[in-house]
Amino acid sequence: MKYPTWHKIHSAFRLNDIPYSFESLSEICYHLKQEGKPFEKPIGDFLLDWISDRPVVEVTTSGSTGKPKTIVLKKEHMVNSALATGEYFQLQPKQKALLCLPCTGIAGKMMLVRAMVLGLHLDYVEPSSSPLPENSKIYDFAAMVPLQVQNSLNQLSRIQTLIIGGAPVDSSLRSQLVKLSVRAFETYGMTETITHIAVKRIAEDSTNYFETLPNVFVAQDNRECLVIDAPKISAGKVVTNDLVELIDKTQFKWLGRYDSIINSGGVKLVPETIEEKLSTIVKSRFFVAGLPDKILGQRLVLVVEGKPINEQELLQNIKGLKDISKYEVPKEIYFMKSFTETSTQKIDRKKTIKQVI
């Protein structure tokens with residue numbers, strides 16, 4: 001009898017230092033579901049689903065760019081995604097990896113899949129904004145969101161290779177990472193592409209372009225949005241709403257979201273491009289958005305997390321940026337104690353901006 005691809009658990013696989021085979025995984029599944037802490041239950045749910053004969057997994061999107069929706073992914077495609085990541089980063093059996101992302105989302109689920117497929121020794125910890133456990137363990141591979149990275153800078157020497165996703169890495173965090181020994185990579189991807197399909201090295205001499213993983217190719221549609229051709233992880237081409245500058249069929253520069261463009265007085269503004277510029281002077285979390293305006297249609301505003309600071313001084317600093325146009329200078333600045341977040345710790349822009357209006 002030929003077993004499904006996803007039933008082939010690597011013999012080197014370890015979870016929190018305990019070896020598990022396909023046959024023994026069900027034990028930890030039921031233990032986590034019935035007796036585990038709240039963050040452990042989704043791990044148990046996913047592993048139980050993984051070892052079933054069902055060839056697909058249902059995953060809910062984060063909702064950071066729209067209403068959360070359920071997507072059906074083939075387990076075989078998830079295995080192929082894990083293999084592509086292993087090939088790109090040259091991951092080897094018995095290397096140590098850290099899972100510190102929620103297993104309610106695709107990023108956390110895929111860390112488990114990579115460990116089972118590649119034979120990694122995976123430790124999991126409760127997801128938090130400061131995720132590195134208080135021990136001296138060295139990890140070969142880990143995945144975090146930018147907020148976790150920012151709060152772990154003093155401990156990142158314990159990680160050899162770090163992938164960062166969920167939100168763009170701003171220039172301030174990038175400048176701090178290049179000084180560290182960790183090999184850090186910004187990733188591009190989404191639930192539909194089974195996490196990342198492209199990565200960008202964060203280093204002094206690195207380019208600003210994403211490079212695709214093996215067997216992934218890219219193009220543009222008539223809106224200049226990215227189209228992904230990855231037959232091993234998707235049944236058809238994935239048409240995105242991400243505006244890009246295409247370098248070639250394996251490299252691109254991400255510019256922002258087509259559906260987040262702000263039309264202010266007839267001038268089209270891309271929030272993500274503006275945020276990249278502002279990140280050199282705004283040190284706390286922030287984002288820009290368009291609010292309804294009777295004259296302009298939409299007016300550009302800046303929303304900053306944390307205690308209010310001198311608004312006029314901040315505006316003058318923004319106007320002083322060399323590469324910013326007069327249209328990219330916010331008309332107003334709002335300060336909020338804390339941002340609303342999605343279940344995967346991304347800023348929920350829509351809910352947060354509603355508190356401003």
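Residue count for the range 209-236, restricted to those that are closer than 16 Å to Met78 by Cα, open to solvent by 50 Å² or more (accessible area, probe 1.4 Å) and touching a strand residue (DSSP E or B) at 6+ places or on another chain (Cβ under 6 Å): 1.
Taken over the range 83-117, the criterion of being open to solvent by less than 10 Å² (accessible area, probe 1.4 Å) and among the hydroxyl-bearing types (Ser, Thr, Tyr) is satisfied by Thr85 alone. Against the list (1) open to solvent by less than 10 Å² (accessible area, probe 1.4 Å); (2) free of Cβ contacts under 8 Å to residues at least 60 places away in the same chain; (3) of a type in the set (D, E, K, R), the condition Lys75 fails is (2). Of the residues that sit in the range 293-302 and are open to solvent by less than 50 Å² (accessible area, probe 1.4 Å) and aliphatic (A, V, I, L, M), which one is farthest from Ile347 (Cα to Cα)? The residue in question is Leu300.
To keep it simple, each residue is scored yes or no on (1) in contact (Cβ under 8 Å) with a residue 24 or more places away in the chain; (2) open to solvent by 50 Å² or more (accessible area, probe 1.4 Å).
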residue	(1), (2)
Val304	yes, no
Gly320	no, yes
Ser325	no, no
Met336	yes, no
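Screening the range 6-41 for residues that are of a type in the set (Phe, Trp, Tyr) and without any contact (Cβ under 8 Å) to a residue 60 or more places away in the chain and picking the one that is most open to solvent (accessible area, probe 1.4 Å) gives Tyr30.
Determine, yes or no, whether Ser21 is more than 22 Å from Lys137 (Cβ to Cβ) and assigned to a loop (DSSP other than H, G, I, E, B). The answer is yes for Ser21.
Scanning the range 123-162 for residues that are under 26 Å from Phe210 (Cβ atoms), aliphatic (A, V, I, L, M) and touching a residue at least 40 places away in the same chain (Cβ under 8 Å) gives Ala142, Ala143, Met144, Val145, Leu147, Ile159. As a summary of the residue check, Thr352 satisfies the conditions (1) open to solvent by 30 Å² or more (accessible area, probe 1.4 Å); (2) within 27 Å of the chain's Cα centre (by Cα); (3) of a type in the set (S, T, N, Q) except for the one numbered (1).
The values are calculated or read from the model by the stated rules, or taken from the named source; none is laboratory data. Quick caveat, the model's predicted, so the values are computed rather than measured. Virtual Cβ from ideal backbone geometry, glycine too; neighbours counted across all protein chains shown. Protein only, heavy atoms only, side chains kept; ligands, DNA and RNA dropped before computing areas. Shrake-Rupley method; radii C 1.70, N 1.55, O 1.52, S 1.80 Å.
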